[in-house]
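**Student:** What follows is a single structure, and I will ask about it in a moment.
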Amino acid sequence: MTLQMMLRRMNEMPEKGLPKSVILKELETKLQRDLTYSSGKILGSMCTEPHSLAKQIYLQYFEKNLGDPGLFPAAAELEQEAIRMLGLLLSNPNACGRIVSSGTEANILALWTARNRAKKERGEVIVPVSAHCSFDKACDLLNLKLIKVRLNRRFQMDVKAAEEAVTSKTVVMVGVAGTTGLGVVDPIHELSEIALAHNIYLHVDAAFGGFVLPFFEELGLDAPEFDFRLPGVCSITIDSHKMGLAPIPAGGILFKDASMTEAISMRVPYLAGGETEQFTVMGTRSGASSIAVWALLMHLGREGYKAVVEQCLKLTGKLVEGIQQIDGIDIVTQPTINVVGIKSNIVDARLVAKELRKRGWAVALFPGYIRIVVMPHVKLSHIESFLEDLGKVMKKLDG
Ligand code: 0PR
């Protein structure tokens, strides 16, 4: 077979394997269409270029499987140390948890735990309408009924509506610390009080905000309460593969203490490394993810992460200033964190997004607005060139 023929067949499994060099060349060509974070064109994603140390570590330890911790006890211990550090970041040294496949898995684990603890038939889950779609998935999987509560004028979960939604069937209430669309932090303090008063489980989805908000106080910013300091909070999602700079997959779930997870723990007796207890959806789990998270927490320290957050917030400020100088568009609301909503008062946001995409910008489109996430890969030069293009787009659409 000629090389040409080999390449033409690159979408079927060949009878006889192809040389490494051919595979590598073909992948280079096939993957060219993918966007890169370093191009600065990805402005609507909550993921970013992983830290170089994490990449190195990931490659070095990719064979470790935390699904069989008896084979990799040292890696399992590093996961526990990473969880302890994340727990301290969220004000709870006794937190128990796992580095999981995603924020979606973390949210599923929280609802699964709450459901099993409550022992109610077709229990109800109260979330703000701004909650991530992982809660829709979780409720479908767990046969729970999802109740979506309206927002207040600041796009936060409306506390009164949340309390009114509580019934005898409620098993869990969810507050979001850094919403997917606008980066808003729900009034978790009030939700904690409601949860305690009605004896219901409170889960906080800080998948994004978990690596941002803990540094606000030290940065001299207004720091909304959202973590385990609030007594009603039973679990928190915190994803290292978002603002934690870790490679995918690195979601995270933290429970208040080890007793919480008993409700979903399964004994797996037959493993090569010996019997274990699992409370994740996944069986086989990446040890490299946990080791990379451990290494980043140790290497960057609080100071390093604080500097990352500070820089992202500084650029967010520049972006907002620039947007406010362009006719025909405005921000949806003053951003709390490095997530900005942009709306147009002359045309549909979809048209703006379409024009931006033609110019190579990958922004996220929500109903009525565009979302920009100023992640660590975004530089001032990217913001400036985006604002220039946005100005041109608005002129064109206005004309
Ligand atoms: N909770 C919140 C608040 C989220 O924003 C997300 C995802 C999740 C949970 C679920 O996390 P996983 O995606 O890890 O399961 N938020 C991002 C979003 O919808 C996911 C994402 C990431 C989308 C990168 C696009 C992208 O390029 O924006």
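**Student:** Pick from E225, E105, E63: which residue has the top mean-square fluctuation in a GNM of the chain where Cα pairs under 10 Å get a spring?
**Tutor:** Most flexible of the set in this elastic network: E63.
**Student:** Under a cut-off of 26 Å between alpha-carbon atoms, report the lysines in cross-link reach of K395, not counting same-chain residues fewer than 8 places apart.
**Tutor:** Filter leaves K41, K318, K343, K354, K358, K379.
**Student:** So, with a 1.4 angstrom probe, what is the percent of accessible area on the chain that is carbon and sulfur? Mind dumping the intermediate values first?
**Tutor:** Working: 10090 of 19180 Å².
Carbon and sulfur: 53 percent of the exposed surface of the chain.
**Student:** Would you mind working out the magnitude of the charge dipole of the chain relative to its Cα centre, with +1 at each Lys and Arg C-beta and -1 at each Asp and Glu C-beta, to the nearest 20 Debye?
**Tutor:** On the way: 45 positive and 44 negative charges, 249 e Å.
For this selection, approximately 1200 debye.
**Student:** How far apart, in nm, are two points set 7 Å out from the Cα along the Cα-to-Cβ line at K120 and at L141?
**Tutor:** 2.1 nm
**Student:** At 222 nm, what helix-only mean residue ellipticity would the chain give, in deg cm²/dmol to the nearest 500, using -39500 (n - 2.57) for each DSSP H run of four or more? Let's see the in-between values first.
**Tutor:** Details: 11 runs with 152 residues, N = 399.
Result for the chain: -12000 deg cm²/dmol, rounded to the nearest 500.
**Student:** What's the magnitude of the charge dipole for the stretch 265-384 around its Cα centre, counting Lys and Arg as +1 and Asp and Glu as -1 at the beta-carbon? Answer in Debye, nearest 20. Can you show the working numbers first?
**Tutor:** Details: 14 positive and 10 negative charges, 51 e Å.
Charge dipole of the stretch 265-384: 240 debye, to the nearest 20.
**Student:** Give the percent of DSSP beta bridges with both residues in the stretch 52-299 that are antiparallel, rounded to the nearest 5. Show your work: numbers first, answer last.
**Tutor:** On the way: 14 of 31 bridges.
Of all bridge pairs located within the stretch 52-299, approximately 45 percent are antiparallel.
**Student:** Hey, another quick one. Measuring with a 1.4 Å probe in the full set of protein chains, what accessible area per residue, in whole Å², belongs to the stretch 52-299? Before the final figure, lay out the partial values.
**Tutor:** Details: 10260 Å² over 248 residues.
Solvent-accessible surface per residue comes out at 41 Å².
**Student:** To the nearest 20 debye, what is the magnitude of the charge dipole of the stretch 222-314 about its Cα centre, counting +1 on the Cβ of each Lys and Arg and -1 on the Cβ of each Asp and Glu?
**Tutor:** On the way: 8 positive and 10 negative charges, 43 e Å.
The dipole of the stretch 222-314 has a size of about 200 debye.
**Student:** A further question on this structure: With θ set to phi - 60°, apply the Karplus curve 6.51 cos²θ - 1.76 cosθ + 1.60 along the stretch 74-82 and write out the HN-Hα couplings as whole Hz, x wherever there is a Gly or Pro.
**Tutor:** So the J values, rounded to whole Hz, are 6, 5, 4, 5, 5, 4, 4, 5, 5.
**Student:** Further question on the same structure: Using a 1.4 Å probe and ignoring any ligands, DNA or RNA, find the accessible area of H382 and quote it in Å² to the nearest 10.
**Tutor:** 20 Å²
**Student:** Here is a follow-up. Calculate the FRET efficiency for Y270 and A307 from the Cβ-Cβ distance with a Förster distance of 51 Å, rounded to the nearest 0.05. Provide the component values of the computation, followed by the final result.
**Tutor:** Values: r = 47 Å, r/R0 = 0.92.
Efficiency, rounded to the nearest 0.05: 0.65.
**Student:** For I264, list long-range residues whose amide hydrogen, built 1.01 Å from N in the peptide plane, is under 5 Å from its own amide hydrogen.
**Tutor:** Hits under the 5 Å cutoff: none.
**Student:** Ranked from the most accessible area to the least, with a 1.4 Å probe and all protein chains present, what is the order of M375, M282? All intermediate terms of the calculation are to be shown ahead of the outcome.
**Tutor:** Details: M375 0, M282 80 Å².
Ranking M375, M282 by accessible area, largest first, yields M282, M375.
**Student:** Whole-Hz Karplus ³J(HN,Hα) for the stretch 146-157, in order, using 6.51 cos²θ - 1.76 cosθ + 1.60 and θ = phi - 60°, x for Gly and Pro?
**Tutor:** 8, 10, 9, 9, 5, 9, 8, 5, 9, 6, 9, 4
**Student:** Okay, next question. If every alpha-carbon in the stretch 52-299 counts as one equal scatterer, what log10 I(q)/I(0) does Debye give at q = 0.10, 0.12, 0.13, 0.18 1/Å?
**Tutor:** -0.45, -0.65, -0.76, -1.37
**Student:** Ignoring ligands, DNA and RNA, how do C47, C312 rank by accessible area with a 1.4 Å probe, largest first?
**Tutor:** Values: C47 30, C312 5 Å².
The ordering from most to least exposed comes out as C47, C312.
**Student:** Among all the aspartates and glutamates, which ones have a C-alpha under 20 Å from K314's C-alpha, if same-chain residues fewer than 8 places away are not counted?
**Tutor:** Within the straight-line cut-off, K314 pairs with E49, E217, E218, D222, E303, D330, E384, E388.
**Student:** Separate question: Rolling a 1.4 angstrom probe over the protein heavy atoms, how many square angstrom per residue are accessible across the stretch 342-399? Write out the running numbers ahead of the final one.
**Tutor:** Numbers: 2910 Å² over 58 residues.
I get 50 Å² per residue for this part.
The values are calculated or read from the model by the stated rules, or taken from the named source; none is laboratory data. Worth saying up front: this structure is predicted, and the values here are computed from it rather than measured. For neighbour counting, all protein chains shown are included, and Cβ atoms are generated from backbone atoms with ideal geometry for every residue, glycine included. With ligands, DNA and RNA removed, areas are computed over all heavy atoms of the protein, side chains included. Shrake-Rupley method; radii C 1.70, N 1.55, O 1.52, S 1.80 Å.
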